Amino acid sequence: MSGHKLLFSGWKLWTSGTSRWTGRLHDGVNRSGKASFSSCIPKVCIVGSGPAGFYTAQHLIKARQDVEVDIYERLPVPFGLVRFGVAPDHPEVKNVINTFTQTAKHPRCNFYGNVNVGKDVSIEELQQAYHAVVLSYGAEGNRRMGVPGEDLPGVYSAKDFVGWYNGLPSCRELSPDLSCETAVVLGQGNVALDVARILLCPVDILKKTDITQPALEALAESRVRRVLIVGRRGPVQVACTIKELREMVKLPDTRPEMVASDFEGVTEALKDLPRPRKRLTELMLKTALEIPGEKEQEKRNKASRSWGFRFFRSPVEILADPDHLKTAGIRLAVNRLEGSGDSARAVLTGEVEDVTCGLVISSIGYKSLPIDSSVPFDSSRAIVPNSMGRVQQAAGLYCSGWLKTGPTGVIATTMNNSFDTARSLVEDMDSGALVISAEKSGSESIGTLLDNRGVKPVLFSDWEKIDSQEMKRGEAIGKPREKLLTVEEMLKEARK
């Protein structure tokens, strides 16, 4: 991605004394060579530059040859959870960045980073400047466990822990205490397994990834040798994918530590499971119950670290040390299941068990937050109420991604739901439900407004300077990239 230059006709080179923002227009002509105020050019604004934002933009640009899309992002850097959520040892998942870059550099697309929508500019102001506004800002909040002791030192949300090792500026100061032997991860989805894997992964593997240097140094000193991955239901309801489970099974210098009784009746249930769930459950059964072959047994005997699922358990309380200064353990309620399959419910038995641990990471889900009082928000479900991406009772307002559905699925899921939103928007343009005949000023009026408020957006060409610098820094120490960790550093690089 680094080193690419923007070669669109009509793009004005920056000159001294010219605003970086207004410099994108030349003699009233924009990047796509169209008069900037010509009528009937549909102008769409997307809030958020993660997968949902970029996939929505991609589909809109392909679906209509006249639509112009501006993407606004709070941080100076694009790509959202692809940059800040995908595990460092999963570089192949980040390949979607190449597609997103093509979209960002399309003549009818613009990226404006370092713009905090809801603070620097209101949704209402965006609605006045654009024919349609798509909210795609994801899920920045944490779901709380709602148990005593969850605010003790040593308890972290998976979102913040992942943000820490992936270089999210707001998580830079997290400094998790890794001085204990046992860590408990609450939740059994892919993020929970990512966290467990990173905690136990040999540092020699991690040092070849784009994990941040502070996280690498902290993990090198970590005393965590055992990770328990706790879920309220059973093996048949586990939320991770087989790929993530396989990676745990194959992780060097580790051995599985399961409870055989957790798998009672699971073999009999196999025949009724859909194929993906069946394969995942078979791998779990094999790992937990089968006598390993010679090679696997040798690996387990030599392993200095262990991991294991704990099923039918829910957190009741985080237990403090005698001085009440930090986490010393967790009290888990023992559950039984009512029903079967995905619809099975966890019901308390009245029993509890205590697990000694110094680190608790809650991976029970991300949560979207309201952005502006003018936007409808369902606080119980933490989504913007919508029908196929059309925000209810708000003409011209749309949503995509986790804000639309809640935090579910993988990147491909987000792609499909974002394409659906884009289709709804295009249908509304074609049918006249969305009026696009009136002229809209788009980024011109927003740019003037931001200039007046002292906000200097970061363009995609500025991001490429950050990108180039990060890759250079990484190359110097044998990594694919070394991320800039503060907004200040990013802006300094972008403005060189």
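The values are calculated or read from the model by the stated rules, or taken from the named source; none is laboratory data. All figures in this text were calculated on a predicted structure; none of them were measured in a lab. Using ideal geometry, Cβ is built from the backbone for each residue, glycine included, and neighbour counts are taken over all protein chains shown. Accessible surface is based on the protein model in full, side chains and every heavy atom, while ligands, DNA and RNA are left aside. Shrake-Rupley method; radii C 1.70, N 1.55, O 1.52, S 1.80 Å.
Among the residues making up the stretch 351-374, those that are part of a strand (DSSP E or B) and modelled with pLDDT under 95 are 366, 367. When the stretch 187-217 is filtered for residues that are open to solvent by 50 Å² or more (accessible area, probe 1.4 Å), under 30 Å from residue 74 (Cα atoms) and free of Cβ contacts under 8 Å to residues at least 60 places away in the same chain, only 217 remains.
Within the stretch 440-466, the only residue that satisfies the criterion of being touching a strand residue (DSSP E or B) at 6+ places or on another chain (Cβ under 7 Å), among the β-branched types (Val, Ile, Thr) and closer than 15 Å to residue 130 by Cβ is 446. Regarding residue 73, is this residue closer than 26 Å to residue 388 by Cα, surrounded by fewer than 18 Cβ atoms within 10 Å (Cβ to Cβ) and acidic (Asp, Glu)? Answer is no for this residue. The helices (runs of 4 or more DSSP H) located wholly in the stretch 375-468 that include 3 or more residues which are open to solvent by 50 Å² or more (accessible area, probe 1.4 Å) occupy 411-431, 443-452. Just one of the numbered conditions (1) open to solvent by 40 Å² or more (accessible area, probe 1.4 Å); (2) within 29 Å of residue 219 (Cβ to Cβ) is not true of residue 338: (2). In a residue-by-residue description of the stretch 342-349, the property of being within 23 Å of residue 45 (Cβ to Cβ), under 27 Å from the mean Cα position of the chain (by Cα) and either open to solvent by less than 70 Å² (accessible area, probe 1.4 Å) or in contact (Cβ under 8 Å) with a residue 24 or more places away in the chain (or both) applies to no position.
Go through 473, 453 for me and flag whichever is in contact (Cβ under 8 Å) with a residue 40 or more places away in the chain, of a type outside the set (A, V, I, L, M) and on the phi < 0 side of the Ramachandran plot. Answer to the selection: 453.
Note on the stretch 237-278: among residues that are among the β-branched types (Val, Ile, Thr) and buried (at least 19 other Cβ atoms within 10 Å of the Cβ), the one that is nearest to residue 197 (Cα to Cα) is 254. When we screen 359, 369, 319 for residues that are open to solvent by 60 Å² or more (accessible area, probe 1.4 Å), in contact with an Asp or Glu (Cβ under 7 Å, 6 or more places away or on another chain) and in contact (Cβ under 8 Å) with a residue 40 or more places away in the chain, the only hit is 369. Here 338, 290 are screened, and the one residue that is under 30 Å from residue 204 (Cβ atoms) and not hydroxyl-bearing (Ser, Thr, Tyr) is 290. Among what's in the stretch 469-496 and is assigned to a loop (DSSP other than H, G, I, E, B) and aliphatic (A, V, I, L, M), pick the residue that is surrounded by the most Cβ atoms within 10 Å (Cβ to Cβ). Ranking the candidates gives 484 first. Listed by first and then second residue, the pairs with beta-carbon distance under 8 Å, at least 6 apart or on different chains, first residue in the stretch 257-275 and closer than 25 Å to residue 182 by Cβ, second of a type in the set (S, T, N, Q) and modelled with pLDDT of 95 or more, are 257/306; 258/287.
The criterion of at least 1 residues that are at pLDDT 95 or above and either aromatic (Phe, Trp, Tyr) or touching a Leu at 6+ places or on another chain (Cβ under 9 Å) (or both) is met by the following helices (runs of 4 or more DSSP H) wholly inside the stretch 196-289: 203-206, 213-220, 242-250, 275-289.
If we scan the stretch 89-102, do we find a residue that is open to solvent by 10 Å² or more (accessible area, probe 1.4 Å) and within 17 Å of residue 130 (Cα to Cα)? There is no residue in the stretch 89-102 that is open to solvent by 10 Å² or more (accessible area, probe 1.4 Å) and within 17 Å of residue 130 (Cα to Cα). Is there a residue in the stretch 170-186 that is closer than 30 Å to residue 462 by Cα, hydrophobic (A, V, I, L, M, F, W, C) and either open to solvent by less than 10 Å² (accessible area, probe 1.4 Å) or outside any loop (DSSP other than H, G, I, E, B) (or both)? Within the stretch 170-186, one or more residues are closer than 30 Å to residue 462 by Cα, hydrophobic (A, V, I, L, M, F, W, C) and either open to solvent by less than 10 Å² (accessible area, probe 1.4 Å) or outside any loop (DSSP other than H, G, I, E, B) (or both).
Collect the residues in the stretch 79-107 that are out of contact with any Pro (no Cβ under 9 Å at 6 or more places or on another chain) and among the hydroxyl-bearing types (Ser, Thr, Tyr), keeping them in residue-number order. Result: 99, 103. Pairing each residue of the stretch 93-115 that is touching a residue at least 12 places away in the same chain (Cβ under 8 Å) with any residue that is hydroxyl-bearing (Ser, Thr, Tyr) and in a loop (DSSP other than H, G, I, E, B), provided the two are 6+ apart or on different chains, yields C-beta distances under 7 Å for 107/32; 108/32; 111/49.
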